[in-house]
1. Among all residue pairs at least 6 apart or on different chains, which show Cβ distances below 9 Å where the first residue, located in the range 93-117, is farther than 14 Å from TYR83 by Cα and the second is assigned to a strand (DSSP E or B) and hydroxyl-bearing (Ser, Thr, Tyr)?
2. Looking only at residues that are at pLDDT 80 or above and assigned to a loop (DSSP other than H, G, I, E, B) in the range 1-18, which one is surrounded by the most Cβ atoms within 10 Å (Cβ to Cβ)?
3. For the range 19-29, which residues satisfy the criterion of being more than 12 Å from the chain's Cα centre (by Cα) and either under 19 Å from TYR83 (Cα atoms) or assigned to a strand (DSSP E or B) (or both)?
4. Condition check: within 29 Å of ASP29 (Cα to Cα), in a loop (DSSP other than H, G, I, E, B), at pLDDT below 90 and open to solvent by 30 Å² or more (accessible area, probe 1.4 Å). Does PRO74 satisfy that?
5. So is PRO150 more than 30 Å from GLU36 (Cβ to Cβ) and either at pLDDT below 85 or out of contact with any Pro (no Cβ under 9 Å at 6 or more places or on another chain) (or both) or not?
6. Would you please list the contacts, defined by Cβ atoms under 6 Å and residues six or more apart or on different chains, that run from a residue in the range 16-36 that is more than 22 Å from LEU111 (Cβ to Cβ) and of a type outside the set (Phe, Trp, Tyr) to a residue that is open to solvent by 60 Å² or more (accessible area, probe 1.4 Å) and in a loop (DSSP other than H, G, I, E, B)?
7. For THR53, are the conditions met, namely being in contact (Cβ under 8 Å) with a residue 24 or more places away in the chain, under 20 Å from MET147 (Cβ atoms) and either polar (S, T, N, Q) or touching a Leu at 6+ places or on another chain (Cβ under 7 Å) (or both)?
8. Which of the residues spanning the range 79-96 are out of contact with any Leu (no Cβ under 9 Å at 6 or more places or on another chain), open to solvent by 40 Å² or more (accessible area, probe 1.4 Å), of a type outside the set (S, T, N, Q) and at pLDDT 90 or above?
Amino acid sequence: MGAVEDRNTHLCHRCGVTSLTVRERGRIDLMARFCEACWNVFANEMAMADGATAPPRAEPDPDDASWIEPPTCPECGAFVRIYPTTYDRWVSLATVEMPAKDVPQPFRWRLMKLPDRSRIATDIVAVRVRGIDPLPGESVVPAHRMMCGPDWREP
């Protein structure tokens, strides 16, 4: 499924285009192949639904030896952790983990180490907790937007 005519040409699962640019996208295996245009539409829809609208982390200059300050929220000035999502967009997360019972369902995230041959984690991605709810005492990382405003506890 997915291979059409040439071994290096695949079929986009969203629009049906056959092209050399059609490939598996994202940071984990989604078991689907997308062309560039369909991938951007799909990833942007996921990002809007999940609230993953943070800009990517700035890449430090390898020749710069100055201290790198942690990123801060432009709204409240609090420190945030910015992580890539599995669909190549970025999300601002709180700096603390909280029990799942204290975090509303739309704001629950977990950090996942991507599998690699090394025992040292080379990349960490943020994965939104959905489908099966965690136990009330399980730790989750809340999205920073939950904690940014003074009325985040209200529905």
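The values are calculated or read from the model by the stated rules, or taken from the named source; none is laboratory data. Only a predicted model underlies this, so the values are computations on that prediction, with no experimental measurement involved. Here the Cβ is made from the backbone with ideal geometry for all residues, glycine too, and neighbour counts use every protein chain on show. Only protein heavy atoms, including side chains, enter the accessible area calculation; ligands, DNA and RNA are left aside. Shrake-Rupley method; radii C 1.70, N 1.55, O 1.52, S 1.80 Å.
1. GLU97/SER139; MET98/SER139; PRO99/SER139; ALA100/SER139
2. Filtering first and then ranking leaves CYS12.
3. Taking the range 19-29 and keeping what is more than 12 Å from the chain's Cα centre (by Cα), we get 19-25, 29.
Once the filter is applied, which keeps residues that are more than 12 Å from the chain's Cα centre (by Cα) and either under 19 Å from TYR83 (Cα atoms) or assigned to a strand (DSSP E or B) (or both), the range 19-29 yields SER19, ARG23, GLU24, ARG25, ASP29.
4. Values: within 29 Å of ASP29 (Cα to Cα): no; in a loop (DSSP other than H, G, I, E, B): yes; at pLDDT below 90: yes; open to solvent by 30 Å² or more (accessible area, probe 1.4 Å): yes.
Taking the combined requirement at face value, the residue does not satisfy it.
5. Numbers: more than 30 Å from GLU36 (Cβ to Cβ): yes; either at pLDDT below 85 or out of contact with any Pro (no Cβ under 9 Å at 6 or more places or on another chain) (or both): yes.
Yes, satisfied.
6. ALA32/HIS13; ARG33/HIS13; CYS35/VAL17; CYS35/THR21; GLU36/THR21
7. Details: in contact (Cβ under 8 Å) with a residue 24 or more places away in the chain: yes; under 20 Å from MET147 (Cβ atoms): yes; either polar (S, T, N, Q) or touching a Leu at 6+ places or on another chain (Cβ under 7 Å) (or both): yes.
It is true that THR53 is in contact (Cβ under 8 Å) with a residue 24 or more places away in the chain, under 20 Å from MET147 (Cβ atoms) and either polar (S, T, N, Q) or touching a Leu at 6+ places or on another chain (Cβ under 7 Å) (or both).
8. Let us first name the residues in the range 79-96 that are out of contact with any Leu (no Cβ under 9 Å at 6 or more places or on another chain), namely 79, 84-85, 88-92, 94-96.
Within this subset, residues satisfying the condition of being open to solvent by 40 Å² or more (accessible area, probe 1.4 Å) are 79, 88-90, 95-96.
Of the ones still in play, those that are also of a type outside the set (S, T, N, Q) are 79, 88-90, 96.
Scanning the range 79-96 gives PHE79, ARG89, TRP90, VAL96.
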